[in-house]
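Heads up, the thing below is written out as C-alpha cells.
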Amino acid sequence: MSNMNKKNNFTSSVSGNNLEDDFTSSIDIDKQMYEEDIIGSIAHTKMLAKQKIITEKDKEKIITGLLTIKKEISSNTFEWKSGLEDIHMNIESRLYDHIGEIAGKLHTARSRNDQVVTDVRMWTKKTCIQMISKISELQYSFVKIAEKNIDTLLPGYTHLQKGQPISLAHHFLAYYEMLKRDLNRFEQVYSSADVMILGSGALSGVSYPVDREWLAKELKFSNISNNSMDGVSDRDFIIEFINACSLLMTHLSRFSEEIIIWSSEEFQFIKISDNFSTGSSMMPQKRNPDYAELIRGKTGGVFGSLVGMFTILKGLPLTYNRDLQEDKKHLFESASTTMKCLDVADGIIKNIKINKEIMLSSAENSFILATDIADYLVKKGIPFRESYVIISNLTKELIKKNKMISSLTINDYKKYSEYFEEDILKLSLKTAIESRNSVGGTARKIVEKALIKAKKEIKVTTNNYEKN
Ligand code: ARG
C-alpha cells in the first residue's frame, strides 16, 4: 500500500497514464458530459465578471478558450488524458494551453464538488427530456396498433390461463397506461434534478460575492440548493432517475415476455419481424425472439445500477466523498440501456404481424364465456356465488365430454337452471366484450374513447417538450 502511495505521489496530477491513474480516473465515463461542463464554466465565468470577481477581459479570454475546447472535443481532436482524472481537470488543463495563466481564474469561487454535481444535474435534465420523447414515441406506436385492432378478439389471461375475451386494442392500451406513469416519473425526476448547486463550494459555501440566483437563471435551473453541505453530497435525483428507468424497464420486460410467449409455436398469436428476431445456428426451423429476450435480460443490469447507487450512498458521511465519482457510471449506463430498449421495443411493435384468426380461434375454443353465463343467471336473480357453482359444474361436464359451450342447446342449459331462456344462445365473444362497458372496460366504445384521450395526451406532451 505504501509503495502504491509513493508511486502515486510521484506521478501525481498532470502527466502519466499508469495503473494508479486509471484507478482514480473517471474520464472515460464523465467525458460524456463535456458540453454541460463547458456550459457551466461559461456561465460561472460570466457571473464572476458580473460580480467583478474577475475582469471583463479575463472573462472574454476564458470563454473564447472554453469554446475552442468545445470545438476540439466535438470534432474529436481533443486529447483526453486519464492522468488528469476527470472531465473538469482535462478541460481546465487544456484551457492553460490556450490562454495561459488566466485559466487559473476560472476555478475561483468554485470547487469540483459543486461543479460536478451541477454538470450531472444538467445532464440528467437533458436526458429526462430525451427519455420523455422516446416514451411518447413508443406510446404512439401502441396507440397506432391499438387503433388497427379494435375488432381483433383474443382471450385475456389471468395466471396465463384463458380468462375473459378482450379486444387486442384494449390489451395494447394497457401498455400505453404503464408508459404514461413512466413518463410522469421522468417529469418528476426532471424537477428533482432542477436545482443549481454552484456556489456551494467544496462544502460550506464560498467567500466571494457570487450571485447564485443569476447563475441559476443563466443555466436554466428553476431552483438553487438551500444548504451547501447537502448540495454537494445529494445524489437522490440519480437514484430517482435509475428508479424511473427500472420501472420503465420492468414494463418493457413484461411486454417482451408477452411477445416471447405470443410468438411461440404453441401460441402463434404474432410473428416478430425478421429484423427483430434471429435464426438458430443449429436448428434451421427456428426464429428466436432475441431482441425481446435481451430487453428482458438487460432489465437486470438496470436494477443492478439502482442497487449499486443505493449502496454507494448508504455509508457516506457528509459531505463529498470520492465514492460519489462512481455515480455517473450507473446513471449513464442505465440511461443508455433504457433508451436503447425503448427503441427496440418500438421497432418490435411497429413491425409485428398479428395473427387475428389464431387469436380468435383461441378465444372460441375455450370456456372464456363462463363468467358471462354466470352473470346471465345473476341478472335473472340468482346470487352470484350460487350461479358460479352452477356454471362451474356445467363447464366441468363439458370438459369431461370434450364439448364446447357453443354446442349447448337451450334444453342442455335448462338442465342446469330453469332461469335459462332462448336469449342465452345469443351470447358470444362480441356480446361479452360489448357488455364490459364500465369505464376502463374492453367494450368498443370505451376503447374508442380511451384512444381519443391517449392521442390528445401524447400531443400535449410532445408540444410541451418540443419547446425545450
Ligand atoms: N471526478 C470527481 C467526481 O466525479 C469530481 C469531484 C472531485 N472532487 C474531489 N474533491 N476530488 O466526483
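So if we plug the beta-carbon distance of E147 and R254 into 1/(1 + (r/R0)^6) with R0 = 25 Å, what FRET efficiency do we get, rounded to 0.05?
That gives a FRET efficiency of 0.70.
Averaged over all directions, how much area does the convex hull of the C-alpha atoms of the stretch 70-121 cover when projected, in nm²?
4.1
Could you list the trypsin sites (Lys or Arg not before Pro) in the stretch 25-68 that lie in coil according to DSSP, counting only those with at most 11 other Cβ atoms within 10 Å of their Cβ?
K52
If packing is taken as the mean number of other Cβ atoms within 10 Å per residue, what is the order of 179-189, 348-358, highest first?
Packing proxy ranking, top to bottom: 179-189, 348-358.
If you take the square roots of the eigenvalues of the alpha-carbon gyration tensor of the stretch 226-337 and sort them as a ≥ b ≥ c, do you get rounded (a/c under 1.5), prolate (a/b over b/c) or oblate?
Because a/c hits 1.5 or more and a/b exceeds b/c, the stretch 226-337 counts as prolate.
Let me spell out the model: positive unit charges on the Cβ of Lys and Arg, negative unit charges on the Cβ of Asp and Glu, origin at the Cα centre of the stretch 330-371. What dipole size does that give, in debye rounded to 20?
Dipole about the Cα centre, nearest 20: 80 debye.
Can you tell which of A49, I27, I38 lies farthest toward the positive end of the dipole of the stretch 20-59, using +1 and -1 charges on the Cβ of basic and acidic side chains (Lys, Arg; Asp, Glu)?
A49
What angle do you read, to the nearest 10 degrees and between 0 and 90, between the alpha-carbon axis of helix 444-466 and the longest principal axis of the chain?
10
Which shape class, rounded, prolate or oblate, goes with the stretch 286-381 when its Cα gyration tensor gives a ≥ b ≥ c as root eigenvalues, a/c under 1.5 marks rounded, and past that a/b bigger than b/c marks prolate?
Oblate is the answer for the stretch 286-381, as a/c is 1.5 or above yet b/c matches or exceeds a/b.
From the C-alpha gyration tensor of the stretch 223-279, pull out the three semi-axes of the equivalent ellipsoid (sqrt of 5λ each), sorted largest to smallest, in whole Å.
The equivalent ellipsoid of the stretch 223-279 has semi-axes of 44, 10, 7 Å.
Rounding to the nearest 20 debye, state how big the charge dipole of the chain is about its Cα centre with +1 on each Lys and Arg Cβ and -1 on each Asp and Glu Cβ.
In total the dipole reaches around 1060 debye.
May I have the extent of the alpha carbons of the stretch 92-243 along their three principal axes, as whole Å values ordered from largest to smallest?
73, 33, 25
Please work out the C-alpha center-to-center distance from the stretch 77-126 to the stretch 342-363 and express it in whole Å.
49
Multiply the residue separation of E79 and K380 by 0.36 nm, subtract the distance between their alpha-carbon atoms, and state the gained length in nm to one decimal.
100.2 nm
Could you tell me how many degrees, from 0 to 90 and to the nearest 10, lie between the Cα long axis of helix 112-147 and the main elongation axis, the longest principal axis, of the Cα atoms of the chain?
The angle comes out at about 20 degrees.
Does the stretch 252-298 come out rounded, prolate or oblate, given a ≥ b ≥ c as the square roots of the eigenvalues of its C-alpha gyration tensor, rounded meaning a/c under 1.5 and, failing that, prolate meaning a/b above b/c?
In terms of gyration-tensor shape, oblate.
Under 8 Å for C-alpha pairs, at least 6 residues apart: give me the relative contact order for the chain, rounded to a whole percent.
Normalised by residue count, the contact order of the chain is 16 percent.
Run the paramagnetic zone check for D236: 7 angstrom along Cα to Cβ, then residues of the stretch 99-117 with backbone nitrogen under 18 Å.
Only 117 fall inside the zone, counting backbone N under 18 Å.
Whole angstrom only: what separates the Cα centroid of the stretch 288-311 from the Cα centroid of the stretch 130-149?
22
Once Rh is set to the Kirkwood radius over Cα pairs, what Stokes-Einstein translational diffusion coefficient, in µm²/s, holds for the stretch 311-468 at a temperature of 10 °C and a viscosity of 1.306 mPa s?
Taking Rh from Cα pairs, D becomes 74 µm²/s.
Please list 434-447, 141-154 highest first by mean number of surrounding beta-carbon atoms within 10 Å per residue.
141-154, 434-447
Counting alpha carbon pairs within less than 8 Å and at least 6 residues apart, what relative contact order, in whole percent, applies to the stretch 323-443?
20
Return one number: the angle in degrees, 0 to 90 and rounded to the nearest 10, between the long axis of the Cα atoms of helix 56-74 and the longest principal axis of the Cα atoms of the chain.
Its long axis makes an angle of about 50 degrees.
Give or take rounding to whole Å, what are the principal axis extents of the alpha carbon atoms in the chain, in descending order?
Reported extents, whole Å, longest axis first: 100, 52, 40.
Would you work out which of I224, M283, V195 lies farthest towards the positive end of the dipole of the stretch 173-302, given +1 charges on the beta-carbon of Lys and Arg and -1 on that of Asp and Glu, about the Cα centre?
M283
Here, each number is a calculation from the coordinates, and none is a lab measurement. A quick note: this is a predicted structure, and the numbers were derived from the prediction, not measured. Counting neighbours? That spans all protein chains shown, and the Cβs are built from the backbone with ideal geometry, glycine included.
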